[in-house]
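Q: This is the structure, below, for whatever I ask next.
Values in this text are rule-based calculations from the coordinates and carry no lab data. None of these values were measured; they are calculated from a predicted model. Here the Cβ positions follow ideal geometry from the backbone for every residue, glycine too, while neighbour counts run over all protein chains shown.
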Amino acid sequence: CGVFGVTGVAEAANFVALGLHALQHRGQEAGGIVAYDAADGFNSVRRFGYVRDNFTKASLMETLPGSLAIGHVRYSTAGSKGHTALRDVQPFFGEFSMGGCAIAHNGNLTNAAALRRELIEHGSIFQSSSDSECIIHLMARSIQKNLSERIKDALRRVEGAFSVVAMTRTKLIGVRDALGVRPLVLGRIGDKGYVLSSETCGLDIIGAEFVREIEPGEMVVISDGKVESTRPFGNSKGRFCVFEHVYFSRPDSIIGGRSVYETRYQIGRELAAESPVEADLVCPVPDSGTPAAVGYSHASGIPFAFGIVRNQYVGRTFIEPTDQIRNMGVRLKLNVNRALIRGKRVILVDDSVVRGTTSKKIKDMILDAGAAEVHFRIASPPTAWPCFYGVDTPDRDKLLAARMTEDEMRDWIGVDSLRFVSLDGLYRAAGEARGRDAVCPQFCDACFSGEYPVAPSDQLDRGFQM
Ligand code: 5GP
Ligand code: SF4
Ligand code: MG
């Protein structure tokens, strides 16, 4: 998901709409905005679909007055899937004795099922199926006198990944979990405005200036043009999601001082060094494989070409939650550039293989177009473990790499060769070295390594074996 908030600007909701539009790649199912205005109180709008189709209408934006607003774009990793329940669309809102509070959450809480059971037993009435709603109910049970203290109390009880943007009548609040698994950055706009955004591309779109990242375990409370920082959740070095670098974040975003595009480009170079093959063309599987394909082409000297063309009017396929839609999605989205491919030995570069659906369909399409050979190069290691921290990977038995060796995967997909970048190569591309820190790796890489930095306790309760 994507979260965004702004304070200290006129018509804050318009800025939030723009920010969410820049973060649309993080969630395309639905979006919501909450704004506060002293005369008008809290107002909210939640809608299915794209930000641009909902939050650009003047009539609608007029219902969200005020200089303080937050928003969320949703990609379901917990709770209901797809276009089914508007009540699962964030921000969530709670009315407390000291005023209202709205919350937008990116990440996944790994103990939400246990918390929900406990909260329901104690009288909480849940409105949604979302893990994030627990935060509001935990706040209601806190005895703290102000809302930011209540947010702290609530977030001390949850486990897993959270980058949260919240607002009260007067404050904009940003929090990251102790490991900082999901991103969150702070920006400035105008004389006294502040912005919180999942990624820096959300700052760029409104002309805000990047200040810094919210640190792992940090909470910032912004009011009256001042930023107050505390560290309620410990002081760890963090385990940022390495898959944000590979796929999830936008390539024009900067994370940890490093361009996401640059990392992806370097992954391509690593792949070319680790797994060379003779071929006529290097083609990306657009758009997610494009920067790595450029890197592969530059490092190998094999010409780059757009052998697959993407229909720009279709979103990210993986994010469509059912298999049926996902299966169709590949053809709706991608088509082979036949004239270019015929008779050629083609290297296809994609970011990841999850179920293998995409790779298999693309292989069919490319052989259909008369390619002489097809070689897949994947810009991440085999995805052998599910993510429980906010990326919607399927159960382990649906992951191709959990069931097959690399050679079996190659045969199942039906290509001449299939190679993944090594985990060490991925770290090198991101400017790190896995294991340089003797205690633990610098990133979360659990979906590749099976080393979960936070025990996924709900899943363990359900019998998941680490
Ligand atoms: P598959 O078809 O193997 O199940 O999925 C792999 C494709 O899904 C890749 O092309 C990748 O770009 C795309 N993808 C989109 N979203 C995600 C995501 O959240 N996780 C992963 N692992 N892959 C995703
Ligand atoms: Fe990111 Fe994978 Fe860790 Fe999930 S398991 S947070 S996708 S690195
Ligand atoms: Mg893709």
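Q: Using the basic label-point model (7 angstrom from Cα toward the beta carbon), what is the residue 306 to residue 47 distance in nanometres?
A: Each label point lies 7 Å from its Cα, and together they span 2.9 nm.
Q: Another question, if that's okay. Can you pull the one-decimal nm distance between simple spin-label points at residue 87 and residue 411, each 7 Å off the Cα toward Cβ?
A: 5.0 nm
Q: Roughly speaking, what is the stretch gain from residue 39 to residue 56, that is 0.36 nm per residue apart minus the C-alpha to C-alpha distance, in nm to one decimal?
A: 3.8 nm
Q: Debye calculation, C-alpha points only, no solvent: report log10 I(q)/I(0) for the chain at q = 0.10, 0.11, 0.12 Å⁻¹, in the same order as the q values.
A: Values returned for q = 0.10, 0.11, 0.12 Å⁻¹ are -0.72, -0.86, -1.01.
Q: Mind giving me the FRET efficiency for residue 449 and residue 277? R0 is 25 Å, r the Cβ-Cβ distance, nearest 0.05 is fine.
A: Working: r = 26 Å, r/R0 = 1.03.
Result of the calculation: an efficiency of 0.45.
Q: Let me ask something else. Against the longest principal axis of the chain, how steep is helix 12-22, in degrees 0 to 90 to the nearest 10, with axes from Cα atoms?
A: 20 degrees
Q: Report the one residue of 201, 314, 106 whose Cα lies farthest in the direction of the positive end of the charge dipole of the chain (charges on C-beta: Lys and Arg +1, Asp and Glu -1; origin at the Cα centre).
A: Working it through, the farthest residue towards the positive pole turns out to be 314.
Q: Separate question: Over the alpha carbons of the stretch 1-139, what is the largest minus smallest coordinate on each principal axis, giving the biggest first in Å?
A: Principal axes ranked by extent give 43, 35, 20 Å for the Cα atoms.
Q: Nearest 10 degrees, 0 to 90: what angle lies between the long axis of helix 147-157 and the longest principal axis of the chain (Cα atoms)?
A: 50 degrees
Q: Return the FRET efficiency for the residue pair residue 402, residue 332: r is the Cβ-Cβ distance, R0 is 22 Å, and the value is rounded to the nearest 0.05.
A: The calculated FRET efficiency here is 0.20.
Q: Quick check on the exposure proxy: order 26, 141 from fewest to most C-beta atoms within 10 angstrom.
A: Taking fewest neighbouring Cβ atoms as first place, the list is 141, 26.
Q: Rounded to the nearest 500, what is the 222 nm mean residue ellipticity of the chain from helices alone, with -39500 (n - 2.57) per DSSP H run of 4+ residues and division by all residues?
A: Mean residue ellipticity, 222 nm, calculated: -7500 deg cm²/dmol.
Q: Would you mind checking the stretch 1-29 for residues with the amide N under 18 Å from a putative spin-label position 7 Å along Cα→C-beta of residue 192?
A: 6-13
Q: While we're looking at this one, here's another question. Between the alpha-carbon centers of the stretch 7-22 and the stretch 220-242, tell me the distance in whole angstrom.
A: 22 Å
Q: What list do you get for 313, 50 if you sort them by fewest beta carbons within 10 Å? Mind showing how you got there, number by number?
A: Values: 313 7, 50 18.
Fewest-to-most Cβ neighbours within 10 Å comes out as 313, 50.
Q: While we're here: Which whole-Hz couplings ³J(HN,Hα) result when phi for each residue of the stretch 422-433 is put into the Karplus expression 6.51 cos²θ - 1.76 cosθ + 1.60, θ = phi - 60°, listed in order with x for Gly and Pro?
A: The phi angles translate into 6, 4, 5, x, 4, 5, 4, 4, 8, x, 10, 9 Hz.
Q: Continuing with the same structure: Mind checking the dipole of the stretch 261-434: about its Cα centre, +1 per Lys or Arg Cβ, -1 per Asp or Glu Cβ, Debye to the nearest 20?
A: With Lys and Arg at +1 and Asp and Glu at -1, about 440 debye.
Q: Something else: Listed highest first by mean packing, meaning other Cβ atoms within 10 Å per residue, what order do 368-376, 41-49 come in?
A: 368-376, 41-49
Q: Against the longest alpha carbon principal axis of the chain, how many degrees, from 0 to 90 and to the nearest 10, is the axis of helix 357-368 turned?
A: 40 degrees
Q: Treating only the Cβ of Lys, Arg, Asp and Glu as charged (+1, +1, -1, -1), what charge dipole size does the chain show about its Cα centre? Round to the nearest 20 debye.
A: Rounded to the nearest 20 debye, it is 360 debye.
Q: So how compact is the stretch 180-269: Cα radius of gyration and Dmax in angstrom?
A: When restricted to Cα atoms, the stretch 180-269 yields Rg and Dmax of 14.0, 47 Å.
Q: Another question, then. Placing +1 on the Cβ of each Lys and Arg and -1 on the Cβ of each Asp and Glu in the stretch 1-150, which of 45, 119, 146 has its Cα farthest towards the positive end of the resulting dipole?
A: Value: 119.
Q: For the residue pair residue 236 and residue 157, what label-to-label distance in nm results when each label sits 7 Å from Cα along the Cα-to-beta-carbon direction?
A: 2.1 nm
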